[in-house]
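Written out below as structure tokens is the structure these notes cover.
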Amino acid sequence: MREPVLTRLFEAAMRRLGSVVGRDDHEPLSAWREQPVTYVSVPPSQAQRSTLPRFQRTAGDLPNPGYGGRSAALRARLLNAYTPARPVVDRRMFAGRTKILQSLIHAIEEERLHLVLYGERGVGKTSLLQQISQAAKDARYLVTYIDCGQRTEFDETFRAVAAGIPLMYHSAYGPTSVESERGDTLADLLGPEPMTVAAALEALSHIEGARVLLILDDFDHIGSEEFRHEIAELLKRLSDRAVYVQALIAGVPAELAALVGQVPSLHRNVVAMRIPRMMDDEIRDIIGKAETVSGVHFDDEALDAIIAACAGSPYLAKLLGYRAALAAVDHDRETIEAEDVGASIQDAIDDLSKTVSRHGQLRIEELTRRGQLPALAALARASQATGGWYTMEEVSTALRSDPLPPRNTAAVIKELVEHDILLEIEGEGHEHAFRFVGPTLPDYISLLVARSRWFGAKPDPATAALENRV
Ligand SMILES: Nc1ncnc2c1ncn2[C@@H]1O[C@H](COP(=O)(O)OP(=O)(O)O)[C@@H](O)[C@H]1O
Ligand SMILES: [Mg+2]
């Protein structure tokens with residue numbers, strides 16, 4: 001089987017990567033691989049369903065005249081405030097993460113390291129990169145931000161970097177040359193032939209007095225193995241020289257393992273950092289910032305329900321907040337109450353259930369009926385805490401003070417493994433680790449738990465419908 005081998009490779013790589021940014025050394029089998037998560041769509045609110053669909057705002061984001069008036073304007077503000085499917089770019093809307101930002105900046109500025117950020121989809125990697133990018137620009141770094149895709153190649157990536165380096169930093173030109181005054185960049189000196197790592201290094205070797213930050217987001221989306229190899233090679237050879245080009249890469253640990261595996265001598269110069277889910281106060285901060293912008297208000301109970309249901313996911317917090325706010329606006333209220341959050345949790349469950357196998361839903365429903373939701377909740381929490389793989393010890397920690405005998409949980413784990421809902425592997429030292437097969441399962445379970453705790457257990461309509469068909 002491929003997984004244990006890769007997992008060990010990654011773990012070994014992580015152990016060797018000296019981290020200055022407080023990486024948890026007790027992350028044995030966790031979070032080495034990220035699975036794609038489907039972002040769920042944001043449906044129109046109830047009130048709009050009764051009419052034929054039409055755009056509510058003009059392209060300039062103004063409310064469409066004759067459509068809804070005040071509440072349409074409020075809806076537009078809500079959408080701007082929550083943007084569940086968009087990373088935060090506006091600094092004023094960026095919540096929490098202060099320590100992580102400080103550590104990242106320190107690693108770039110003081111340690112001159114390359115950085116790799118990894119974590120579940122929706123945990124906030126792109127939003128962090130955006131803030132770092134702005135902070136670096138403020139400090140006069142030359143920043144190139146590349147959103148990697150299937151087809152990203154080295155040639156276009158390096159040309160983009162070069163286009164961000166004015167010739168005033170080139171030893172043969174300097175600030176007073178005609179070319180510099182004309183605004184030429186390093187890209188203007190590159191020939192038409194496809195860029196190689198050697199050519200890129202040669203071009204960079206003439207640069208003085210500039211610090212360049214290359215940000216590669218969604219590194220795991222890249223289709224080309226060759227490109228990843230070229231980036232690893234570039235980083236390694238940059239590290240051997242005094243050229244101040246640093247890379248900040250976001251993606252999945254498997255790609256980090258591949259990077260490090262290709263160039264073992266990179267270890268000293270790369271720091272890897274897992275981006276964890278957010279703390280309750282950070283989620284509170286997200287909702288608070290969105291309140292300020294949108295003008296709506298969450299009452300205490302509604303806020304607590306969101307915090308419990310989102311399980312530290314900023315993505316879910318925004319999705320739930322947005323939908324709860326829409327539900328309140330539909331009822332002509334600007335204060336959001338727990339029942340609005342209840343409706344938004346149900347919507348999110350319905351959406352997420354589309355990403356969970358029918359078989360998985362039935363098994364969860366069956367365990368819930370047998371009173372095992374707390375055990376499922378503990379497994380979901382362990383998975384959310386580590387970002388993927390977890391051990392029994394991590395499950396015990398996740399159980400906190402829940403009065404549940406651990407052997408119940410062990411029996412639930414066994415059942416889930418037998419039904420192919422959990423993967424099980426044996427790590428170094430014979431400790432066993434588990435991971436949910438579907439990446440959305442932990443959040444799905446958290447939402448079911450929140451629904452049952454806050455709004456009384458109802459059978460999930462989607463699951464009930466499936467059961468009737470069995
Ligand atoms: N620090 C933050 N403050 C406010 N919202 C955030 C923060 N981090 C993430 N979000 C929100 O969470 C969602 C997912 O964030 P994103 O940066 O796209 O995650 P990732 O790149 O890890 O998939 C987006 O809606 C984004 O607006
Ligand atoms: Mg992203």
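The values are calculated or read from the model by the stated rules, or taken from the named source; none is laboratory data. Note that the structure is a prediction, hence the values are computed from the model and not measured. Note: ideal-geometry Cβ built from the backbone for every residue, glycine included; neighbour counts use all protein chains shown. Accessible surface areas use protein heavy atoms only, side chains included; no ligands, DNA or RNA. Shrake-Rupley method; radii C 1.70, N 1.55, O 1.52, S 1.80 Å.
Take the alpha carbon gyration tensor of the stretch 334-415, find the square roots of its eigenvalues, order them as a ≥ b ≥ c, and report rounded if a/c is under 1.5; if not, report prolate when a/b exceeds b/c, else oblate.
Judged from the Cα gyration tensor, the stretch 334-415 comes out prolate (a/c at least 1.5, a/b above b/c).
Rounded to the nearest 10 Å², what accessible area does Asp281 have for a 1.4 Å probe in the complete protein model?
Answer for Asp281: close to 110 Å² accessible.
For Ser344, Ser71, give me the order by solvent-accessible area with a 1.4 Å probe, most accessible first, ignoring ligands, DNA and RNA.
Listed by decreasing accessible area, they come as Ser71, Ser344.
Using a Förster radius of 41 Å, what is the FRET efficiency between Asp240 and His331 based on their Cβ-Cβ separation? Nearest 0.05, please.
The formula returns an efficiency of 0.05 here.
Can you list the residues, at least 5 places off or on another chain, whose amide H is less than 5 Å from the amide H of Gln246, using H built in the peptide plane?
Excluding prolines and chain starts, which carry no amide H, the hits are Val212, Leu213, Leu214.
Between Thr98 and Gln134, what is the label-to-label distance in nm when each label sits 7 Å out along the Cα-to-Cβ direction?
1.7 nm
Expressed in nm to one decimal, what extension gain is obtained for the pair Ile105 and His430 from 0.36 nm per residue of sequence separation less their Cα-Cα distance?
Full-extension gain reported as 113.2 nm.
Counting heavy atoms of the protein chains only and a 1.4 Å probe, report the per residue accessible area for the stretch 340-434 as a whole number of Å².
Roughly 44 Å² per residue, with all protein chains present.
Round to a whole number: what % of the accessible area of the stretch 259-388 belongs to carbon and sulfur, probe 1.4 Å?
Answer for the stretch 259-388: carbon and sulfur cover 50 percent of the accessible area.
Give me the Å³ per residue figure for the convex hull around the C-alpha atoms of the stretch 257-398.
Hull volume over Cα atoms, normalised by residue count, gives 172 Å³.
Quick one: which residues, 5+ away or cross-chain, put their amide H under 5 Å from the amide H of Val116? H built at 1.01 Å from N.
Ile249, Val271, Ala272, Met273
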